[in-house]
Amino acid sequence: MSEWIEIGALDDIPKLGARIVKSPAGCIAVFRDKDDSVYALENKCPHKGGPLSEGIVHDGKVTCPLHNTIIALDSGEAVVEDFPAVKTFEVKAEAGRLLIKANVLQEAS
Amino acid sequence: MKRKLVIIGAGMASGRMLEQLIEGNKDAYDVTLFGAEPRGNYDRIMLSPVLSGEKTFEEIITHDSDWYAKNLVITRFNEPVKAIDPKAKIVKSDGGEVAYDKLVIATGSKPFIIPVPGHDLPGVLAYRDLDDVNAMLDVSKKPNAKAVVIGGGLLGLEAAAGLLAQGMDVTVIHLATHLMERQLDPAAGYLLQKDLEKRGIEIHCNAVTDAVLGKEKAEGIVLKDGREFKADIVVMAVGIRPDTALAADAGLAVGRGIHVDDRMITSDSDIISIGECVEHDGAVFGLVAPLYDQAKVAAKTLLDEDAKFIQSDISTKLKVTGVDLFSAGDFAEGDDREEIVLRQTAQGIYKRLILKDNKIIGAVMYGDTNDGSWFFNLMKTGEDISEMRDTLIFGPAYQGGGTADPLAAVAALPDDAEICGCNGVSKSTIVNAINDGADSVGAIQTCTKASASCGSCKNLVSQLLAHSLGDGFSAPVAEPVCGCTSMTHEDVRRMIKSQKLTAMQAVFQACEWTSSSGCHVCRPAINYYLLADWPDDYKDDPQSRFVNERNHANIQKDGTYSVVPRMWGGITTADELRAIADAAEKYDAKTVKVTGGQRIDLLGIKKENLPGIWRDLNAAGMVSGHAYAKGLRTVKTCVGTDHCRFGTQDSTGLGIKLEKRLWGSWTPHKVKLAVSGCPRNCAESTCKDIGVICVDSGYEIGVGGAAGMDLKEIEPLAKVETEDEAMEMIVAFTQLYRENAKYLDRAYKWIDKVGLDWVKEELSTAERRAELVASFDHSQSIYQVDPWEERTEKTEAARFQPIADLSLEVAQ
């Protein structure tokens, strides 16, 4: 099995938007920033479990739709509060395709 | 070696003392806890909600068996202590003798039973413990059960309200001239009596009980004046007596209660006593606050630490749902006292402050008790109120004018006072943030989250800044949109219009945004301004929408959504209801709820099922209700001339026409309408953003009502004669609001800023109204589309599904 798994096309995700991937490690939110950089985080806000994939994306951050907790997309850390960091996964865009690191399959949720 | 501590009585005081003791030093004592009741410590003052059915017994347990086990407390419940031998230092019960090094007597009090004939019949109860409550609940199950409560004090009235809630016929018999005479003055007692009578409790003051009637069991009572009342139970709640029997038998000094000194030590230096059984400096105690203070002192004494019990003023609140009553201090009249009284009879509000030497010494409030803690605080600190005397009775909100210090109220708040209720931020957290360098409301929002949710505490935060920074702080005249810019909403809107900015990036550029793609605060606002001002040129940006408006459904706390189909004017049909029922079943709606806006909410729908449920509802002819949108929500109606014998106009018809004209339009905040067919106002028009009340001669249109975070009554905008004129006026008003208001300002907030006179002026000429209506209709030609239908097509619907599903892949 290769090291990366294809999950779809970059254009399946709108700029400043996100889609989710279901995985053995739970729901993963895959974000696309304005500059087409992509990030993958567990789809669960450390505050009250809100679906981060539904938040507003802005400059490398996402604002949780439930109570406006702001999470940095690269580190998974809350910008203001002292919450535990959201789990991040490796994801990349190559030639318009979206690839996620295969070790996501080994992670237990 | 650990010393042995024996505690007699498992009530609230002993529970609190145990906590303090264990927290102080859990290894100091081996503890044995005796209790006469067959259960451990529970919150006795919460028995009233248990009686009324608002809480269960489990919810009021303060210490459960796990807690005792964990803290190695040996419990001997259901085992009354028979005697104390202070010389041998042992206590005796049916289970034998237990030796102690230190003994705590917390036997509490006994209810006082009036010794009238028949007082010992079955069915005569006190209101003291869970057994009493259970006995009352048992009787209440009988249909048409009747209860007589003797005693119109705090306890008796709580019992009466609880029994009423259980469906019993309740009569209160009270000896004094007004209810709760120890806490209330006659005026407040009268208001309380009227309130309770309105709820269905029969009340007789000045009534002296002569006897309990009945042979085998209580069947009623008779008063001295001969009046008789039938009853299945008679509850005596006339007072309590400290339970001093054990202490007296043991030879301790006892007066009304067990004598204790400031350290809660009795006349025997190894015996401590706390709670309702003690007498300290001539006083006995019945309310919980001083008991907790005693518990704290007793724990310290047991740990050989210094502590002193000081009696202080206490305040009272009656725990009867829906009755707001507050009393504190001394409120008797006297030559050396003055009083300030405020009565608003129509609202049932009564406030009275008793002053002595320019200090508050007592306060009684009825109907509106919000300022109770502020007054109580002034009373406890003994503050000189002569400076704010004239406005004192209006509470802290009115202390801004004159020579009074506008910051006095916020300065007076204790450190743990909650400033931001949404995010639970206390005064001290905010003050610490200010001391760490936060110097604006925005900065405080960022580092504490205070005022970051509903924003209603912004003013308080601002005052805290002013108070903490002194002259270094000047309240900003206008708040910028967000941290990305220094411009206000008004500035940005002006720029968008004057510079013809038709794209988000153009706004960021022209207004010198400091972030490249804005933030969750500014993007939805700018997106709204652009689509409202340039319907032709700007394309709505879903990524700048809050989740609800992007997904056209209301997100719930578990990440599922609620779906509300539109019901024009609140009218539906059997076919629509059938389709809704089918959809609810097919898509597994967890809850189906009728909303306040006269339609049906299907809750608990999964995101991936949204396009499916929309397709089904579309097929039955229904469109999105926009129950999630900053846009037109509902037009509530009554049945008007169609059915109602009072209806003056076709209110339902006008409501449906308005909803069909206005639906789908985006607005700065939600917009709710209502049309009532007559001034009886069954559609509640007076608290809507736009409310119409039909009268014989036409239509009265009011605007700026709300029933949310703020409660606002509409103000009259215009009165017109025909339905067409009403439509025109309302559409023109809506467009004026769309073009001018700040994003997230409800109509009333906007009107507050621009003034109703300006709005009326704008709408006064036919030309201007026509212009506004034309702009609105043009916008509607683009935006009045059913978002559900748009998203049930294949490519759009796919966006609601996961991009990939790896959950079934097997790891190699």
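Numbers for the structure displayed
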quantity: Label-point gap, in nm, between residue B:224 and residue B:510 - each point 7 angstrom along Cα→Cβ; calculated: 8.5 nm
quantity: For A:16-25, mean number of other protein chain Cβ atoms within 10 Å; calculated: 6
quantity: Cα centroid separation - segment B:630-692 against segment B:535-586, whole Å; calculated: 20 Å
quantity: Alpha-carbon Debye profile of the protein assembly as shown, log10 I(q)/I(0) at 0.05, 0.08 Å⁻¹; calculated: -0.42, -1.02
quantity: Chain lengthening between residue B:307 and residue B:2 when straightened (0.36 nm per residue, less Cα-Cα); calculated: 107.6 nm
quantity: Evaluated over segment A:1-58, the Cα radius of gyration and Dmax, each in Å; calculated: 11.8, 36
quantity: Expected 222 nm ellipticity per residue - DSSP helices of 4 or more, -39500 (n - 2.57), all of chain B, to 500; calculated: -9000 deg cm²/dmol
quantity: Mean Cβ count within 10 Å, highest first, over the residues of peptides B:746-758, B:458-470, B:234-246; calculated: B:234-246, B:458-470, B:746-758
quantity: Contour excess over end-to-end distance, with Cα ends at residue B:386 and residue B:349 and 0.36 nm allotted per residue; calculated: 10.9 nm
quantity: Per residue solvent-accessible surface (Å²) - chain B, probe of 1.4 Å; calculated: 46 Å²
quantity: Two-site label geometry, residue B:110 and residue B:71: point separation in nm, points 7 Å out along Cα→Cβ; calculated: 2.9 nm
quantity: Surface accessible to a 1.4 Å probe, per residue, for the residues of segment A:15-109, Å²; calculated: 40 Å²
quantity: Heavy-atom accessible surface that B and A bury in contact, both chains counted, 1.4 Å, Å² to 100; calculated: 3000 Å²
quantity: Residue mean of other protein chain beta carbons inside 10 Å, B:508-520; calculated: 3
quantity: Pairs of alpha carbons in segment B:772-812 whose separation is greater than 16 Å (percent); calculated: 62 percent
quantity: Ranked by how many other beta carbons lie within 10 Å on average, peptides B:666-675, B:790-799, B:691-700 from highest; calculated: B:666-675, B:691-700, B:790-799
quantity: Members of segment B:533-572 that become less accessible by 30 Å² or more once partner protein chains are added (1.4 angstrom probe, chain alone as reference); calculated: B:543, B:547, B:550, B:555, B:557
quantity: Fraction of accessible area attributable to carbon and sulfur, chain B (%, probe 1.4 Å); calculated: 49 percent
quantity: Extension gain (nm, one decimal) between residue B:486 and residue B:756, 0.36 nm per residue minus Cα-Cα; calculated: 94.3 nm
quantity: Interatomic Cα distance distribution for segment B:640-761, bins of 5 angstrom, percent; calculated: 2, 12, 24, 25, 20, 12, 5, 1, 0
quantity: Tail weight of P(r) past 53 Å, computed on alpha-carbon pairs of chain B, percent; calculated: 31 percent
quantity: Dipole magnitude of chain B about its Cα centre (Cβ charges: Lys, Arg +1; Asp, Glu -1), debye to nearest 20; calculated: 1140 debye
quantity: DSSP-assigned coil residues among trypsin sites (Lys or Arg not before Pro) in segment B:64-108, each with at most 11 further Cβ atoms within 10 Å; calculated: B:87
quantity: Label-point separation in nm, residue B:710 to residue B:585, each point 7 Å along Cα→Cβ; calculated: 4.7 nm
quantity: Listed residue (B:806, B:31, B:547) projecting farthest to the positive dipole end of the protein assembly as shown, Cβ model; calculated: B:806
quantity: Peptide A:57-67, shielding by other chains (average Cβ, 10 Å cutoff); calculated: 5
quantity: Cβ-Cβ FRET estimate between residue B:789 and residue A:92, R0 fixed at 35 Å, reported to 0.05; calculated: 0.40
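The values are calculated or read from the model by the stated rules, or taken from the named source; none is laboratory data. In this text, all values refer to a predicted model and were calculated from it rather than measured experimentally. All Cβ positions, even for glycine, are placed from backbone atoms using ideal geometry, and neighbour counts span all protein chains on display. Note: accessible area is taken over every heavy atom of the protein model, side chains too, but ligands, DNA and RNA are not part of it. Shrake-Rupley method; radii C 1.70, N 1.55, O 1.52, S 1.80 Å.
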